[in-house]
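Trainee: Input: one structure, supplied below.
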Amino acid sequence: MTPKIISTLLATALAAASTTALAAPAAKPTAAEAERFLADTEAKLNKLNNEQARAAWVGSNFITDDTEGIAAYFAERYLSASGEAAVGARRFNGLKLSPEASRKLMLLQQTVVFADPKEREQYAALQAALNGAYGKAKYCPTKDACMALGEMEKVLANSRDEAKLKEMWTGWHAQAPAYKDKYVEYVALSNKGAKQMGFADTGVMWRSQYDMPPEAFAAEMERLWQQVKPLYDALHTYTRYKLRATYGPDVVPATGPIPSHLFGNMWSQTWTNLYPILKPAGDTKSFDLTKVLEERKTDAKQMTKYAEGFYTSLGMQKLPESFWERSLLTKPRDRDVVCHASAWPINEKDDVRIKMCITPTAEDFTVIHHELGHVYYFLGYTKQPFLFRNGANDGFHEAIGDTVALSITPAYLKQIGLMDQEPDVNADIPQLLERALSKVTILPFAYTVDKWRWDVYSGKTKPADYDKSWWQLREQYMGMKRPVEGQGITGFDAGAKYHVAADVPYARYFLADMLQFQFHRALCREAGYTGPLNRCSVYGNAKAGAKLQQMLAMGASKPWPEALKAISGEDKIDGNALLEYFAPLKTWLDQQNAAFAAAEKK
Ligand SMILES: [Zn+2]
């Protein structure tokens, strides 16, 4: 589960402006005018955003046609205003202004805008159509027995029947070509909107949001991937041996790409469901947090209190009273709500909330620590001006809560009374392996989802080559291939992924994944910890907490390398932190792989 976050600037990224004139007026504007424009714009957007947040909150907590309509109305008002602001900001480009004002103008302009109302409508309609087509897609083995994506995912997660897995995989991937034409149309229109804002294409606009030239960002992604690739390769090799033992050498080749329907996930992005196949021999779970939480009848509030306790142990404030009054922590018995966990900043004072249907499980224990990461980020940067109330870049927000979740170690659980005795060091490998099956496997996937789109948006990859390019990247970076012959020039396998159909950028998940280990390492260092990173918990360490707070308070007010520097002293993302964290696993994988190779030679 990837909890989502309601974030102002992310929401405006796809705004369609209701404006009539894109041409800049002839008179040269002054710096004073720019400052006034920004002050007015921030006041206006702040108000509209608060209204929109309230309407959206009600819309997802009491789902009816009326509340949906109200939420859509206020969302549209906000989007129109931010689109207008994006266009209005352009006339001040090139003026000599304070660094804050220049940064605000830059942030305002990271969006596509359409001058022609017809195009604006068409853009919104295509977005809705693609979302709808993805959401309604079904695989129908027989005329009256159709399967939704969720059911097919369950089969992929649990079945070991290769033919069945292949059927599910191909069944789902056969759906996307139906909306390929719409996607092609959407890409062209989106590019037009990006060009109107001065970007070469939408992909360039996406890569321009990282305080460096777009081509430098692309190079940075590749550099980071190369850093961690040896760990992925070791995991891939180990998994190949285990899959060969499970499905036989006819299905899983000794070398070359592995068919992608065997990884327990529709997109092979996380392999957690393969854990029963991959787990070390003799791994018996000695401790089960879910069992403990269930036995103690830990309720939703108590679960949240545990997480709050982590943050206050770092010296952070208690959650405001209104958080407890207004959050939704349990699934209501009498009505529909969106249960997907999310964190909400409702206003710039201290109205922060979460919406989550908490159950007493180990997974929710982690998720609630994650969600409060968003909440403490909101509270941390609440004193910033409106346009800076955001993560330093879009990877930061997701990374905070995950960083804290890395501190949920046996030592922490023992300290808060949920575990009697810490397991010995041998228990580390199973835990690290399970964690790597999501945190390491996602990296080449997250990278290439956007790498593919950069080329689609630039026109380098033509629609007839969508599948060719998609699978070339899959093979090169993930070591995977299509399980059966593809659909050639009409194929659209990328569109079988939600974030492609719905056009949500994906690089942020790659960055968040990298950053959380770097934050974790930095906080552990600050706490004076010198042992293995995977055993470090900064629970109770106010010194580490102060470092974290310092970064949270900056919000998006400075280029993100400065925020990274505030917490870590480093101004570049460093994949070595992730490698250090998984170092014991890498050693173990290398030993296993060497033993497998030796056994095959005999
Ligand atoms: Zn999140």
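FYI, it's all coordinate maths here, none of it is from the lab. In this text, all values refer to a predicted model and were calculated from it rather than measured experimentally. Neighbour counts are summed over all protein chains in view; Cβ atoms, including those assigned to glycine, are modelled from backbone coordinates with ideal geometry.
Trainee: Kindly identify region 427-466 as rounded, prolate or oblate by the Cα gyration tensor criterion: order the square roots of the eigenvalues as a ≥ b ≥ c, call it rounded if a/c is under 1.5, otherwise compare a/b with b/c, prolate if a/b is larger, else oblate.
Mentor: Prolate is the answer for region 427-466, as a/c is 1.5 or above and a/b outweighs b/c.
Trainee: Take the cross-link list 154/572; 104/460; 136/297; 182/558; 180/451 and give me the ones stretching past 29 Å between alpha-carbons.
Mentor: On the way: 154/572 39 Å; 104/460 32 Å; 136/297 38 Å; 182/558 38 Å; 180/451 19 Å.
Over 29 Å apart, Cα to Cα: 154/572; 104/460; 136/297; 182/558.
Trainee: Another question, then. Could you work out [θ]222 nm for the chain from helices alone, using -39500 (n - 2.57) per DSSP H run of at least four and dividing by all its residues? Round to the nearest 500 deg cm²/dmol.
Mentor: When only DSSP H runs of four or more count, the value is -18500 deg cm²/dmol.
Trainee: Just to compare against my own numbers: the Cα pair-distance distribution for the chain, 10 Å bins, whole % per bin, please.
Mentor: It works out to 3, 15, 26, 28, 19, 7, 1, 0, 0, in whole percents.
Trainee: Same structure again: Using 0.36 nm times the number of residues separating residue 233 and residue 138, minus their current alpha carbon distance, what extension gain do you get?
Mentor: 30.8 nm
Trainee: Which ³J(HN,Hα) values, rounded to whole Hz and listed in residue order, are derived for region 480-489 from phi using the Karplus coefficients 6.51, -1.76 and 1.60 in 6.51 cos²θ - 1.76 cosθ + 1.60 with θ = phi - 60°, glycine and proline given as x?
Mentor: Rounded to whole hertz, the list is 9, 9, 5, x, 9, 3, x, 9, x, 5.
Trainee: Any chance you could run the full-extension gain for residue 64 through residue 93? It's 0.36 nm times the residue separation minus the Cα-Cα distance, nm to one decimal.
Mentor: Contour length minus the Cα-Cα distance gives 6.1 nm.
Trainee: Now a separate question. Can you find, among 287, 375, 446, the residue sitting farthest towards the positive end of the charge dipole of the chain, where Lys and Arg contribute +1 and Asp and Glu -1 at Cβ?
Mentor: Sorting the options by dipole projection puts first 446.
Trainee: For the pair residue 272 and residue 145, how long in nm is the line joining their label points, each one 7 Å along Cα→Cβ?
Mentor: About 3.0 nm separates the two model spin labels.
Trainee: Once phi is turned into ³J(HN,Hα) by the Karplus curve 6.51 cos²θ - 1.76 cosθ + 1.60 with θ = phi - 60°, what whole-Hz value does each residue of region 40-46 show in order, with x for glycine and proline?
Mentor: 5, 4, 5, 5, 5, 5, 4
Trainee: Still on this structure, I have one more. Let me spell out the model: positive unit charges on the Cβ of Lys and Arg, negative unit charges on the Cβ of Asp and Glu, origin at the Cα centre of the chain. What dipole size does that give, in debye rounded to 20?
Mentor: Using Cβ point charges on Lys, Arg, Asp and Glu, the chain gives about 480 debye.
Trainee: Which one of 537, 270, 591 has its Cα pushed farthest toward the positive end of the charge dipole of the chain, where Lys and Arg give +1 and Asp and Glu give -1 at the Cβ?
Mentor: 591
Trainee: Scan around residue 353 for amide H atoms under 5 Å from its own, H built in the peptide plane at 1.01 Å from N, and keep only partners 5 or more places away or cross-chain.
Mentor: When sequence neighbours closer than 5 places are left aside, the close amide H contacts are 344, 346.
Trainee: Moving to a separate point now. About the Cα centre, and with charges only on the beta carbon of Lys, Arg (+1) and Asp, Glu (-1), how big is the dipole of region 17-111? Nearest 20 debye, please.
Mentor: So the dipole magnitude of region 17-111 works out to roughly 560 debye.
Trainee: Quote the charge dipole size of region 249-320 about the Cα centre in Debye, to the nearest 20; the model charges only the Cβ of Lys and Arg (+1) and of Asp and Glu (-1). Working shown, then result.
Mentor: Numbers: 8 positive and 7 negative charges, 73 e Å.
Result for region 249-320 is approximately 360 debye, rounded to the nearest 20.
Trainee: Identify, among 94, 105, 59, the residue whose Cα sits farthest towards the positive end of the charge dipole of region 17-111, taking +1 on the Cβ of Lys and Arg and -1 on the Cβ of Asp and Glu, with the dipole about the Cα centre.
Mentor: 94
Trainee: Expected output is a single nm value to one decimal: the length gained when fully extending between residue 246 and residue 576, i.e. 0.36 nm times separation in residues minus the C-alpha distance. What is it?
Mentor: 115.5 nm
Trainee: Could you tell me the calculated FRET efficiency between residue 161 and residue 383, based on Cβ-Cβ distance and R0 = 60 angstrom, to the nearest 0.05?
Mentor: After rounding to 0.05, the efficiency reads 0.60.
Trainee: Give me the distance in nm between label points sitting 7 Å out from Cα along the Cα-to-Cβ direction at residue 600 and residue 226, one decimal.
Mentor: About 2.7 nm, to one decimal.
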